[in-house]
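Data first, discussion second: the structure below is written as structure tokens.
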Amino acid sequence: MSGIKFGTEGWRAVMGEEFTFHNVRLVTQAIAEHFLAQARSRRRPLTVAVGYDTRFLSDQFARAVCEVLAGNRIRSLLCDRAVPTCAVSRCVVDQHFPAGLVVTASHNPPIYNGLKVKEAYGGSATTDTVASIERRIGRRTVARMPFEEARAAGMVRFANFLPAFVRGIRSFVNLQAIQRSSVHVIVDSMHGTGGRLIEGMLTGGRCQVETIRGAPDPRFGGQAPEPIASHLVPLRQAIRRRHAALGIANDGDADRLGIIGPDGRWLNPGQVMCVLLTHLVKTRGASGAVVKTVSNTMMINRVADALGLRLMEVPVGFKHIAKLMLEDSVLIGGEESGGIGVQGYLPERDGIVNGLLVLEAMAMQRKSLSALMRGLEQRYGRWFYDRRDLHLTMPQVDRLFARLRTSPPARMAGTPVDSINTLDGIKLIGRDDSWLLFRRSGTEPIVRVYAESPTPRRLHQLLALGLRLTTTA
């Protein structure tokens, strides 16, 4: 047994420790075996799209992936540059491939790398697919064809994935409406694969787009490329200095986003999802169910209810949302971590598309981001949210969750605990709809403590309680 396990989205590990060329080949062999078993009745050879991000050695790890696929008689279409994860998803769908593989650790710190698996629909691999791959890791000897030999044999071809990716966005987002607006937006690519894509798509109009941290950097400027408030100080400073209307940030592989308003306020992804949900229904005339992860804001519940839309809640991990998008008529689905998927595009999150949709909402409704949020908060209340990530030992983690299961607190910061949700971790829900959630990270050795409340004071009290329960375990 290899001991390699996938998290909420693919396999991620520290480079030089678990994430090595040897282990990448082991995992790719298991992936090849899975898709070959699924395609026994196919007459044509399989072809898989392979992409990678801007991390250290990602391009070389991608070549190692192609070598193993070739050794298993699976052809690869390999991107000729670092690309957003959703560009690989678009390639899979457009080319009718059975799968896509992306060498990326998404928003994790620079010392990590990883491997994401996308299925024929372009979305995250299902739980069943992940289980099948994990069972096969290390079961057979790795088959491998050297890269240049594989190229000479036609088993590996290079391609530019970006033109088709941009065409897909142009067919879905009203870029003309954004270009006609006079909005001034600053894009923060956090040195990841988003680069200057948004800027390039919006040139030639009245809107003004500037990009910061657009150059690729394997170290991401020395921090994790995660678009959360604490990591977006340069974006906040640029907005204030240049008097911009908003800022859009994307993570390392550009499938998540963060939004900063003109006053420097960070909109959490749940608030962004509410802006998009309202826009899709009231401006675009769309309909369908709404899906949120257990760690997302209660404002989504209230907006969905007011719009007469069915709401579904799932564990953390976009694969759970993607599954429902395939099985049901889902208008929008989103995670607390900034991943949002929208009906009619792909059953997959895309930070670039969602950033553009925020701009579309502003342009088509002729309102500032502040006005859009003000309208939502006046109707549904203002919600204050925060999260803390704590590194604990495994005995501490076990004690914490054992205590929460057997002796959960009856009150949270003076408010009775009304219910307990164990869909993913342990979520204590107060009588005023405030909540406190404890869950293990699927990709890092940490416990995440989430909290939300209608008032800032109670938010701080909830977080203090969560930290106290966690650190005394």
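The values are calculated or read from the model by the stated rules, or taken from the named source; none is laboratory data. On a predicted model such as this, the values are computed, not experimentally measured, just so you know. Neighbour counts are summed over all protein chains in view; Cβ atoms, including those assigned to glycine, are modelled from backbone coordinates with ideal geometry. Please note that ligands, DNA and RNA were not included when accessible areas were found on the heavy atoms of the full protein model with its side chains. Shrake-Rupley method; radii C 1.70, N 1.55, O 1.52, S 1.80 Å.
Taken over the chain, lysine pairs spaced eight or more positions apart, or on distinct chains, with alpha carbons under 21 Å apart number 15. Taking packing as the residue-averaged number of other Cβ atoms within 10 angstrom, the listed peptides 286-297, 139-150 run from highest to lowest as 286-297, 139-150. Label-to-label distance for SER287 and THR127 is 3.0 nm, based on points extended 7 Å past Cα in the beta-carbon direction. If R0 equals 22 Å, the separation of the Cβ atoms of VAL233 and SER370 corresponds to a calculated FRET efficiency of about 0.60.
Taking every DSSP beta bridge that has both ends in the stretch 152-261, the antiparallel portion is near 30%.
Under 8 Å for C-alpha pairs, at least 6 residues apart: give me the relative contact order for the stretch 153-309, rounded to a whole percent. Once normalised by length, the contact order is 18 percent. Each Cα pair under 8 Å and six or more residues apart adds its sequence gap; the mean of these over the residue count of the chain is a relative contact order of 13 percent.
Among the trypsin sites (Lys or Arg not before Pro) in the stretch 343-379, those located in a DSSP loop and surrounded by at most 12 other Cβ atoms within 10 Å of their own Cβ are ARG366. Fully extending the segment from ASP94 to ILE446 would add 122.9 nm, taking 0.36 nm per residue of separation and subtracting the current Cα-Cα distance. Distance from the C-alpha centroid of the stretch 72-144 to that of the stretch 177-240: 27 Å, rounded to the whole angstrom. Sorting 4-14, 268-278 by average packing, meaning the other beta carbons within 10 Å per residue, from highest down gives 268-278, 4-14. At full extension, THR455 and ASP80 could sit 130.1 nm farther apart than now, given 0.36 nm per residue minus the alpha carbon distance. Electrostatic tally near ALA363: other residues with Cβ closer than 14 Å to its Cβ, Lys and Arg +1, Asp and Glu -1, net +4.
Does the stretch 284-340 come out rounded, prolate or oblate, given a ≥ b ≥ c as the square roots of the eigenvalues of its C-alpha gyration tensor, rounded meaning a/c under 1.5 and, failing that, prolate meaning a/b above b/c? Taking the square roots of the gyration eigenvalues as a ≥ b ≥ c, the stretch 284-340 is oblate. Report, in whole Å, the centroid distance computed from the Cα atoms of the stretch 333-350 and the stretch 369-384. After rounding, the separation between the Cα centres reads 22 Å.
Solvent-accessible area of the stretch 280-408 (1.4 angstrom probe, protein heavy atoms only): carbon and sulfur portion equals 48 percent. What net charge is computed for the residues neighbouring VAL417, neighbours being all others with C-beta under 15 Å from the C-beta of VAL417, Lys and Arg scored +1, Asp and Glu -1? Residues near VAL417 contribute +2 overall. Which shape class, rounded, prolate or oblate, goes with the stretch 249-298 when its Cα gyration tensor gives a ≥ b ≥ c as root eigenvalues, a/c under 1.5 marks rounded, and past that a/b bigger than b/c marks prolate? The shape class here is prolate.
The distance between label points at GLU148 and ARG399 comes to 5.8 nm (points 7 Å beyond Cα on the Cα→Cβ vector).
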